[in-house]
Amino acid sequence: MELTAAHLRYLLAIYEVSQTHLDICSRSIAEKLNVTKPSVVRIMNLLMDRGMIVKEHYGKIYLTDRGIFVAKAVRAQLETVLTHFPPVRIDMTEEERYNAAFTGEYDRLFGPDESEKENAS
């Protein structure tokens, strides 16, 4: 099974928290992503199976070398998308821009492009 955008969001959250905190736990990831702790535990198990993290039984979460490599690569791609993110006609918070860039929700934000409008006529 491939890692989905949701899985990668969790991996990035772990990576970002690890930049400022030595101790990473499921609770801190749940708070960062505004999700439930059981949902974090489920994804953590999947990330462990993929060799991205190591999680102590009742404790800390650590990124493996593989997890760090993937998180850095995804972060770099996300930064590229955000740098080239086209202007939108609606007000967006940084978090909304991040989510739209991460999930590719351009159609919802922009609607059909001009060529699609012409073809529909």
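The values are calculated or read from the model by the stated rules, or taken from the named source; none is laboratory data. Being a predicted model, the structure only gives us computed values, none of them experimental. A quick note on method: Cβ atoms are made from the backbone with ideal geometry, for glycine too, and the neighbour counts reach across all protein chains shown. Note: areas computed on protein heavy atoms with side chains; ligands, DNA, RNA excluded. Shrake-Rupley method; radii C 1.70, N 1.55, O 1.52, S 1.80 Å.
A few comments on the model shown:
- Taking the range 1-92 and the helices (runs of 4 or more DSSP H) fully enclosed by it, the elements with 3 or more residues that are open to solvent by 70 Å² or more (accessible area, probe 1.4 Å) are at 26-33, 37-49, 65-83.
- Test result for Val35, in contact with a Lys or Arg (Cβ under 9 Å, 6 or more places away or on another chain) and farther than 19 Å from His57 by Cβ: no
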